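Just below is one structure, and these are the notes that go with it.
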Amino acid sequence: ANYVAGRDFDPEPGYDDDPSPDWVYDYHGTPCAGLAVAAGNTLGVRGVAPGCGLIGIKFFATRADGTAAAFYYAMDPNGDGDHSDGAAVLSNSWSYVDGLEQPPVVVEAIETVAAQGRNGKGCLILFSAANNDHTVDGVSAIAQLETVMCIGASNSLAKHAEYSDVGPE
């Protein structure tokens, strides 16, 4: 019920307004979104921010320029220059395969959205620490940017989850 807008930035078969998963293993964002903003219902499901909206974005198979475009879209979904309809928080649970990539076009987009989103108030950009029981360094260079907040996992006892990566990030 809290879905506001969305876009699929994957180049095949072409950009469209449906960020839904294309195949069975492309579902990670859906449960993350539900945890974040699911409205209360009769089944007992409720997100941590049930009064917030969701802008769904998928860029699983895009290149760096498509990823950068996705960040700009999150800041201004209708492209009118007024960012009041954009995201306040961008939750990212991805990294580049080699863990060391920081494409300049993506870094620039992240820095711009962090500083200029919400009509100059800036957006909070979260990145997953990853699930390798390793240090974030070498696993996700994007999560190490100063303009993002790197988030690790905890267990039901509020202790470090053994699979979650760690580090000063």
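The values are calculated or read from the model by the stated rules, or taken from the named source; none is laboratory data. Quick caveat: nothing in here was measured; it's all calculated off a predicted structure. Here the Cβ is made from the backbone with ideal geometry for all residues, glycine too, and neighbour counts use every protein chain on show. The area values use the complete protein model at the heavy-atom level, side chains included, leaving out ligands, DNA and RNA. Shrake-Rupley method; radii C 1.70, N 1.55, O 1.52, S 1.80 Å.
Sub-6 Å Cβ pairs linking a first residue in segment 66-88 that is among the small types (Gly, Ala, Ser) to a second residue that is modelled with pLDDT under 95 and assigned to a helix (DSSP H, G or I), at least 6 apart or interchain, number zero. Screening ASP76, ASP98, ASP165 for residues that are modelled with pLDDT under 90 and out of contact with any strand residue (DSSP E or B) (no Cβ under 9 Å at 6 or more places or on another chain) leaves exactly one candidate, ASP98.
Looking only at residues in segment 3-28 that are open to solvent by 70 Å² or more (accessible area, probe 1.4 Å) and acidic (Asp, Glu), the one that is nearest to SER84 (Cα to Cα) is ASP17.
Each residue in segment 119-169 was checked for being open to solvent by 80 Å² or more (accessible area, probe 1.4 Å) and in a helix (DSSP H, G or I), and 1 of them qualify. When segment 103-118 is examined, which residues are found to be of a type in the set (A, V, I, L, M, F, W, C) and open to solvent by 20 Å² or more (accessible area, probe 1.4 Å)? Selection gives VAL105, VAL107, ALA114, ALA115. Among the residues of segment 87-99, just one is assigned to a loop (DSSP other than H, G, I, E, B), open to solvent by 20 Å² or more (accessible area, probe 1.4 Å) and closer than 14 Å to GLY117 by Cα, namely ALA88. Looking across segment 29-63 at every residue that is in a helix (DSSP H, G or I), open to solvent by 30 Å² or more (accessible area, probe 1.4 Å) and of a type in the set (A, V, I, L, M), the one that is farthest from GLU108 (Cα to Cα) is identified as LEU35.
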